[in-house]
């Protein structure tokens, strides 16, 4: 039996926040990611009745939407508080799960669908987290993932140094290119890409932000959030 990896303190920043985590979230940002990764990316056929893993489930909003759409959801996170919050909110199976050890914990080719929003950047190795997600995905299965764009890292770093953000964990942002390459190396074809937020949603202009999301995808390389849907090669 494999010994579980001991998470680093930086990986448990959201767990330490406890109830303050919910207070720090933007309802607009959360809903935009839900609307993109689940509502827009995933058809009824891709979700209903499908064995689904929500990696880095946080407070359970993505698990909840997946359950509402008929998925058979297993949610996982590193912290017991987050796992329990997800279990209560979504009514699904929720358990400890390490994004860097998914294959060991769940087995290869286990799930029809893997969803992960704003998780991989909080691990020591986003690339390995993506590899693990691809590993537990069945041939022909789908992976929907979002993560911050590395071009915005300097802005986020300054905000953190000025104590404008409550997070003190890993913030290993990725590029569109690195995600495409990692997924390609794992036999996952990118079938859809969407960028979110051309400017920080904290500026309080949701209608303009939404308009930019809908009409300016040609410059998604400059947007804050990377959203990608991939499909693993069928056998």
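Remark: spin-label model distance residue 210-residue 178 equals 3.2 nm, labels positioned 7 Å along the Cα→Cβ axis. Take every pair of alpha-carbon atoms less than 8 Å apart whose residues are at least six positions apart; their mean separation over the length of the chain yields a relative contact order of 19 percent.
Looking at the chain alone, DSSP beta bridges between its own residues are antiparallel in about 45 percent of cases. Distance from the alpha carbon centroid of the stretch 64-121 to that of the stretch 19-38 works out to 17 angstrom. The protection proxy used here, the mean number of other Cβ atoms lying within 10 Å of each residue, ranks peptides 209-215, 109-115, 163-169, 123-129 as follows, highest first: 109-115, 123-129, 209-215, 163-169. Placing a pseudo-label 7 Å from each Cα along the Cα-to-Cβ vector at residue 84 and residue 68 gives an inter-label distance of 2.5 nm. Computing FRET efficiency as 1/(1 + (r/R0)^6) for residue 235 and residue 162, where r is the C-beta to C-beta distance and R0 is 35 Å, gives about 0.10. Over the residues of the chain, the helix contribution to mean residue ellipticity at 222 nm works out to -10000 deg cm²/dmol, using -39500 (n - 2.57) for each DSSP H run of at least 4.
Each value in this text was obtained by applying a stated rule to the coordinates, not by laboratory testing. Owing to the predicted nature of the structure, the values given are computational and were not obtained by experimental measurement. Cβ sites come from the backbone with ideal geometry, for glycine too, and all protein chains shown count toward neighbours.
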